[in-house]
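Some notes on the structure that comes next.
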Amino acid sequence: MNQRHGRSVEWYKQLFANEACINGDITPCLWNSAYRSDSRNLDLMPHLRLIYLIRNPIERAWSSARMALGRAEMQQEEASDQWFIDHFKSKGSLARGDYETCIRQWRNVYPF
């Protein structure tokens with residue numbers, strides 16, 4: 001049994017077993033060891049089709065900031081302007097908004 005993140009590949013494939021439905025998953029637009037998908041998925045699911053949705057980058061950045069506030073157990077009124085500036089300039093926020101690089105990395109594994 002092939003294990004990935006504590007669950008089997010078979011378990012994951014069952015999430016998408018109903019061919020009458022359009023199924024999917026979501027992943028951050030980061031390409032690192034924590035989130036990396038690889039070409040083995042093409043072998044496991046040869047009919048895999050990807051749809052890459054690009055969100056308005058400003059809305060995406062604000063959504064990320066609001067999620068970070070929640071993780072920090074803060075309200076928006078408690079965060080300073082500098083907190084938001086630091087968040088928007090953070091490595092993770094900039095990487096998630098770099099759609100060109102994200103698409104290039106996906107295309108290296110899933111050519112289309």
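Numerical summary
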read-out: Table column - 3J(HN,Hα) (Hz), the stretch 62-75, Karplus curve with 6.51, -1.76, 1.60, x for Gly and Pro; value: 5, 4, 4, 5, 5, 5, 5, 4, x, 5, 8, 6, 10, 9
read-out: The stretch 46-112 - Kirkwood radius from inverse mean 1/r over Cα pairs (Å); value: 13.8
read-out: Solvent exposure ordering (accessible area, 1.4 Å, most first) of LEU69, LEU44, LEU15; value: LEU15, LEU44, LEU69
read-out: Heavy atoms of TYR110 accessible to a 1.4 Å probe, total area in Å² rounded to 10; value: 10
read-out: Listed residues ASP43, ASP98 arranged by accessible area, highest first, probe 1.4 Å; value: ASP43, ASP98
read-out: Gain upon complete extension [GLU19, SER90; 0.36 nm per residue less C-alpha separation]; value: 21.5 nm
read-out: Positive minus negative residues near GLY97 (Lys, Arg vs Asp, Glu; Cβ under 14 Å); value: +2
read-out: Estimated FRET transfer efficiency when R0 is 25 angstrom, pair TYR12-TRP62 (beta carbons, to 0.05); value: 0.20
read-out: Cα→Cβ-extended label distance, 7 Å offset, between TYR99 and HIS47, nm; value: 3.0
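The values are calculated or read from the model by the stated rules, or taken from the named source; none is laboratory data. Computed from a predicted structure; not experimentally measured. Methodologically, a virtual Cβ is constructed for each residue, glycine included, from the backbone with ideal geometry; neighbour enumeration extends over all protein chains shown. These area figures cover heavy atoms from the full protein model, side chains too; ligands, DNA and RNA do not enter into them. Shrake-Rupley method; radii C 1.70, N 1.55, O 1.52, S 1.80 Å.
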